[in-house]
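The values are calculated or read from the model by the stated rules, or taken from the named source; none is laboratory data. Computed from a prediction, not measured in an experiment: that's the story for all the values here. Reconstructed Cβ throughout: ideal geometry from the backbone, glycine too, with neighbour counts over all protein chains shown. To get the accessible areas, we keep the full protein, side chains included, count just its heavy atoms, and leave off ligands, DNA and RNA. Shrake-Rupley method; radii C 1.70, N 1.55, O 1.52, S 1.80 Å.
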Amino acid sequence: MLCALLVAALVAAPLVSVGLHVFAGGTGATWSHLLATVLPDYVLTTLYLSAAVALGVALLGVGAAWLVTRYDFPLRSTLEWALVLPLAMPAYVAAYTYTDLLQYVGPVQTALREAFGWRRADYWFPNVRSTGGAALMFSLVLYPYVYMLARTAFIERAGGLVEVARSMGLSPWQGFLRISLPLARPAIAGGMALALMETLADYGTVSYFAVQTFTTGIYRAWFSLGDRVAAAQLALALLAFVVIVLVLERLSRSGSRYHDTTLRRSGTPRERLAGTRALLAAAGCAVPLVLGFVLPAAVLLQMTLTQGDAQFGLRFVTLAGNSVLLSGSTAVLAVLLALLIGYAARLNRQPAMRWAHRVVGLGYALPGSVIAVGVLIPVTQLDHLLADGLRRLLQREVGLVFTGTIAALVYACLVRYLSAAVQTVDAGLAKITPSMDDAARSLGHGPLHTLRRVHLPLLRGSVLTAALLVFIDVMKELPATLVMRPFNFDTLATQTYTLASDERLAEASTAALAIVLVGLLPMVLLCRQIARGHPASVH
C-alpha cells in the first residue's frame, strides 16, 4: 500500500510543482509582457479551436455512429470497424500531409491551375495552415472517440425506445432528436471531452500551422524567453481549460438523467436503404474515413516511395531504436506499477487507495507540455544538487543523471500514460473472482505468491494490452519529448516534427509513416473487437 501511495505522489508531483512555482514566482516581467501582448490571443484562439473541434467531432462521430447502427447499406459492415482507423493517424502527421497536398505548389492547386489556366491572382483557395485548418485536422483524426462511444450507446440503450417512437408516429429524424440523441448524450459528451483534451495537449499541429495557443506559448516562454515561472503560469492556465472541459463533461452527465427501462439490448432491425439513399449513407461514412486516414496514409506512402528520407538507413535505425527504447522502457515500468497499484487496491480498499487511484488517473488528462514543465523544474534542481555532491565526493565532473539521460523523459511519459495501463490491469483484475484469493489464502499462500501463481497467468492478456497501449502512446508522444529529450537523442516523432518544420515534408514522410504503422496495431485489435459485435472501450 505504501508503494502504491508513493507512485500516486510521484504522479501528482509535476502538478504540485507547477502550482508552487506559479505562486512562489510572482507575476514577473515576462508574465506582464505576455498578458499585454499575446495572452488574450491564446485564450480566444484556444476557445475557438475547442469549440470548432467539439462541433466537428460531434457531427462526424454521431452521424457515422447513427448511420451504421440504424441503417443497412453497401459496405456498412466494413465501414463500421474501419471508422476507428483515423485514431492511428497523429494530428501533426495529418497536418503535414494535408499541407503537402493543398499548398500552392501541391498537386491539388497545381491541377486546378492546369485545368482552368488560372494564375495565382485568378482564384482563391483556403489556407490549410490556419486555425480553421487545425480544427479540421483534429476533427478528422479525433472523431472516432465520439463515434465509438455513441455507437455503443445507440446499440445498447436506444433499441426498444426507437420502436416506441415509431409506434408514436415519430419520423426517424424526430425519433433520433427526441429519443436516441438524449439517451446517447452522456456518451457523446465523454467522447467530446477526450477529443478536446487531445486538442489542448497538442503541440505539433498548432506549432506547424502557426496557431497561437497555450501550448505554443509554454514552449516560447521556456525556450525563447528562458522564463520557467512564466511557462509554469501558462501551463496552469492550460490546465484550467482541461479542468473546465472535465467539469462540463461531468455536468452534462449529471444535469439530466436518461434511463432505458425496456431491457432491450439487441437493438432494432436496421432499415435497409437502396438507391440514392444507400449511396449517400455509404458516402457519409466513407468521407471521414477517407479524409482522416486513407488519404493522409496514401500521401505518406507516395512520398516515402518516390522521395523519402535521404538519410534513411543507419540514421533511421537509430531513430527507431531510440523510439523503441523510450516506449519499451516506459511500457515495462507502467505495467509493473499498474500491477502494483491494481493489486494493492484489490487487497486494501481503504479511502487512501481510492484516492491514489484517482490521482494516477489524473495523468492522462494533463497535457504533455504541462507535465514537461512540472517535471523539468524540480528534476533539474535535483540534478544539479546531485551533480555538485558527486563532484565534491569523486573530485571529478559528473554529468546530469536525470535530465542528461532519458530518465526524466521516461518519468514524464509515465505520469502521462500510467493511467492507461492501470485501467487495463484493473479491468483484468475485476474479472478474477475474489474466491480465488480466498482459496490461495486457505492454502497458506501469501499475497505475492498468489499474484505470481494465480493472478499473473490470468492477467497475461490484460498485461500485454496495457503494455501495447502505453508503447504506442509514447511512440507518438511529441510535446514532452521535444522539451525533455537529452542532447542528441531524437525519436521518430521529433525527427518528423523537425523535418516538417524545415519544410522537408518528403523527408519527414518515412518517419511519419513508421509512426502510423505502429499506431495501427491497437487499431487492428479494436477493429476485430468491433467486427465481433462487442462494444468498444476507450482510455
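Numbers for the structure displayed
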quantity	calculated
Qualifying residue in the stretch 411-423 (condition: closer than 21 Å to R346 by Cβ, open to solvent by 10 Å² or more (accessible area, probe 1.4 Å), in a helix (DSSP H, G or I) and touching a residue at least 24 places away in the same chain (Cβ under 8 Å))	yes
Lone qualifier among A427, A480 - being closer than 30 Å to T97 by Cα and part of a helix (DSSP H, G or I)	A480
Residue list for the stretch 86-100, filter: open to solvent by less than 30 Å² (accessible area, probe 1.4 Å), out of contact with any Ser or Thr (no Cβ under 6 Å at 6 or more places or on another chain) and either more than 26 Å from F241 (Cα to Cα) or assigned to a helix (DSSP H, G or I) (or both)	P86, L87, A88, V93, A94, Y96, T97, Y98, T99
Test: R358 is part of a helix (DSSP H, G or I), open to solvent by 50 Å² or more (accessible area, probe 1.4 Å) and not aliphatic (A, V, I, L, M)	yes
Selection from the stretch 391-410 of residues that are assigned to a helix (DSSP H, G or I) and within 19 Å of F471 (Cα to Cα)	A407, A408, L409, V410
Matching residues in the stretch 424-452 - criterion: being in contact (Cβ under 8 Å) with a residue 60 or more places away in the chain and among the charged types (D, E, K, R)	D426, D437
When residues of the stretch 254-298 are limited to those that are among the aliphatic types (A, V, I, L, M) and modelled with pLDDT under 90, the one nearest to L181 (Cα to Cα)	L263
Count of residues meeting criterion [in contact with a Leu (Cβ under 7 Å, 6 or more places away or on another chain), open to solvent by 60 Å² or more (accessible area, probe 1.4 Å) and either over 25 Å from L5 (Cα atoms) or of a type in the set (S, T, Y) (or both)] in the stretch 424-469	0
Breaking point among (1) open to solvent by 40 Å² or more (accessible area, probe 1.4 Å); (2) at pLDDT 80 or above; (3) of a type outside the set (D, E, K, R), for V57	(1)
All positions within the stretch 395-410 that are of a type outside the set (S, T, N, Q) and without any contact (Cβ under 8 Å) to a residue 24 or more places away in the chain	R396, E397, V398, G399, L400, V401, F402, A407
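Here is a yes/no grid of residues against (1) acidic (D, E); (2) outside any helix (DSSP H, G or I); (3) surrounded by 15 or more Cβ atoms within 10 Å (Cβ to Cβ):
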| position | (1), (2), (3) |
| --- | --- |
| L280 | no, no, no |
| C285 | no, no, yes |
| Q302 | no, no, yes |
| N322 | no, no, yes |
| L325 | no, no, no |
| L340 | no, no, yes |
| R349 | no, yes, no |
